[in-house]
Amino acid sequence: MAENEVIVKKKAKVKEEKVPELIFAVRIRGSPGMNRKVLDTLKMLRMHKLNHGVLVWGKPSYIGMLNKCKDFIAYGEIDQKTLIRLLRVRGRVEGNKPLTDEQVKNLTKYNDIKALAKALYKGEVHYNSNDLYKIKPIFRLHPPKKGHKGNIKKHYNEGGTLGYVDNYINELIHKML
């Protein structure tokens, strides 16, 4: 009877985290009292000043950089509607000129801002590629209308604004445009 039994090994369950396609990060706090390594990481993310925002794709290296700076930034997944509005209102081209449909048509292979936003959202095109070399990757935002949610020294789960804020980033962007 023992000869007919088949021994089956259980496969280890590996927990895979869902890596978001497109993340928007915005700098909330300034640099006094900041660790030098964190300041260098913020410079690598192109967030040199307060209220500067950047689009980041969900690669593990970028996620690690965002986690390192979580005490000074807010980040989360951006939706397509907010991305289109962000590009229309705060998108810039070389020479600090506003991004328009005509410029998108001349500089890229896309016809308008909506098509560009769709390609950015799906990950078909990145800022470091030849397609978007004249479009600036930094969004200079205003301070949020009616202030930040809670305190800027506390994390989102504690009633503040810092760290991973999930879908609240879309509301924060609308307040900062």
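The values are calculated or read from the model by the stated rules, or taken from the named source; none is laboratory data. A quick note: this is a predicted structure, and the numbers were derived from the prediction, not measured. Using ideal geometry, Cβ is built from the backbone for each residue, glycine included, and neighbour counts are taken over all protein chains shown.
Brief remarks on what is shown
- For the residues Ile113, Ile169, the requirement of being without any contact (Cβ under 8 Å) to a residue 60 or more places away in the chain, among the hydrophobic types (A, V, I, L, M, F, W, C) and surrounded by 16 or more Cβ atoms within 10 Å (Cβ to Cβ) singles out Ile113.
- Within the set Lys59, Lys81, the sole residue that is under 25 Å from Thr161 (Cβ atoms), at pLDDT below 90 and under 15 Å from the mean Cα position of the chain (by Cα) turns out to be Lys59.
- Reported count of residues in segment 8-53, each being outside any helix (DSSP H, G or I) and at pLDDT 70 or above, is 24.
- Output for segment 86-103, where each listed residue is assigned to a helix (DSSP H, G or I) and either more than 25 Å from Ile169 (Cα to Cα) or touching a Lys or Arg at 6+ places or on another chain (Cβ under 8 Å) (or both): Arg90, Asp101, Glu102, Gln103
- Restricting segment 142-177 to residues that are more than 12 Å from the chain's Cα centre (by Cα) and of a type in the set (Ser, Thr, Tyr) leaves a set whose member that is farthest from Asn67 (Cα to Cα) is Tyr168.
- Residues of segment 49-80 satisfying the condition of being closer than 23 Å to His142 by Cβ and either of a type in the set (Gly, Ala, Ser) or free of Cβ contacts under 8 Å to residues at least 12 places away in the same chain (or both): Gly53, Ala74, Gly76
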